[in-house]
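S.K.: I'd like to ask some things about the structure below.
Bear in mind that the values in this text are calculations on the coordinates, not laboratory data. Small disclaimer: the values here were computed from a predicted structure and weren't measured. Here Cβ is always computed from backbone atoms with ideal geometry, including for glycine, and neighbour counts include all displayed protein chains.
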Amino acid sequence: MVMSKVSVIMPCFNSELYLSESIESVLKQSFSNFELIIVDDCSTDKSWNIINSYMLIDSRIRAYRNRENCGVSAARNTGIKNSSGSYISFIDSDDIWYPTLLSSLFELMETSRSPFVYGGYDYGNDLSAKTRFEVPSISTSVDVLTNNPISCLSVLIDKMFFGPNKCFFSIDLSTHEDINLWLDLLDVCGHATGINKSLGFYRQVNGSASSSKISNLFHRFLFLRKTRRFNITSTVYFSFLYALNGFRKYSISRILGR
């Protein structure tokens, strides 16, 4: 079986602390037919120097540098537009892929014949204290709206979805840009196929958990009402389910020590 090329998109902004670890996790993939496109969003630390040092040692790495800070959505879109692979995957510059992420997702795409696949992942402040996030085998728009089992960290998407008059990350959104893209994709393909296996590590930045959750719920409400144009009943309904599932995901799992 011929392994089609995967374009891995990594947006980066002031990530010198974790950037090398993220890049290394991509280079150590058991699936080797990929290109890594790093888009530096006008970093002011040593990120660009680190990126250049890796480009010198691995020809699969290409990089672009924004002259001004444009945001993560614009950075990802730049990577997509400059990609040459048949499939698109994403990793943020502070996250980590486990060695079999690409091979697992590519195999899932081949066996399921699904153009949009995803996997489970671990999350936490550090790899030594991580919690597993389990995912269902099938996700629809309703699943994304109520619990969002799909993470940018562990997706593989057929590039046919991206292009002029097709799907891209919305540069008008400062939050929920990933969910907005998933909903656009699911409007086309109906469902995404998942594998309940931890394929990577999502790094959570320390901060006020309670205040961030309240803020996120507020932004979720605005996102559903203004961006997706839901009526008020649907907005309240899906916002409530999202908040309830968020509590279960982050609070109960930690209490149980999972």
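S.K.: Please sort by residue number the GluC sites (Glu not before Pro) in segment 61-110 whose DSSP state is loop and whose Cβ has at most 11 other Cβ atoms within 10 Å.
M.R.: E68
S.K.: If amide H atoms are built 1.01 Å from N in the plane of the peptide, which residues on other chains or at least 5 residues away come under 5 Å of the amide H of F34?
M.R.: V6
S.K.: Please compute the length gained on full extension between Y64 and F218, using 0.36 nm multiplied by the number of residues separating them and subtracting their Cα-Cα distance.
M.R.: Net length gain for the segment: 52.1 nm.
S.K.: Now for a separate question. How much length, in nm to one decimal, is gained on full extension between S170 and S103, taken as 0.36 nm per residue of separation minus their Cα-Cα distance?
M.R.: Result for the pair: 21.3 nm of gain on full extension.
S.K.: From the square roots a ≥ b ≥ c of the eigenvalues of the alpha-carbon gyration tensor of segment 4-70, which class results: rounded (a/c under 1.5), prolate (a/b over b/c), or oblate?
M.R.: Note, shape of segment 4-70 comes out prolate.
S.K.: Are there any helices in the chain, counted as whole DSSP H runs, that stretch 15 Å or more along their axis by Cα and score at least -0.5 on average by Kyte-Doolittle, and if so which?
M.R.: 101-112, 177-189, 209-222, 232-247
S.K.: In deg cm²/dmol and to the nearest 500, what is the mean residue ellipticity at 222 nm of the chain if only DSSP H runs of at least 4 residues count, each as -39500 (n - 2.57), divided by the residue total?
M.R.: Only helices count here, giving -10500 deg cm²/dmol.
S.K.: Stretched out fully, how many nm does the piece from S30 to K5 gain, at 0.36 nm a residue minus the Cα gap?
M.R.: Length difference between fully extended and current span is 7.7 nm.
S.K.: Treat the count of other C-beta atoms within 10 Å as a stand-in for reagent exposure and order Y98, Y118 from fewest to most. Each step should come with its number before you reach the end.
M.R.: Working: Y98 20, Y118 26.
Ranked by crowding around the Cβ, least crowded first: Y98, Y118.
S.K.: Check F230: other-chain or 5+ apart residues with amide H under 5 Å from its amide H, H built from backbone geometry?
M.R.: Here R225 satisfy the definition.
S.K.: Also, quick follow-up: Over the chain, what relative contact order in percent results from Cα pairs under 8 Å that are six or more residues apart?
M.R.: Reported as a whole number, the value is 21 percent.
S.K.: Among I51, S89, S30, whose Cα sits farthest toward the positive end of the charge dipole of the chain (+1 at Cβ of Lys/Arg, -1 at Cβ of Asp/Glu, about the Cα centre)?
M.R.: Selected residue: S89.
S.K.: Please go through segment 101-174 and write out the trypsin sites (Lys or Arg not before Pro) that DSSP classes as loop and that have at most 16 other C-beta atoms within 10 Å.
M.R.: R113, K166
S.K.: If I take the Cα coordinates of the chain and project them onto the principal axes, what are the three extents in Å, biggest first?
M.R.: 53, 40, 37
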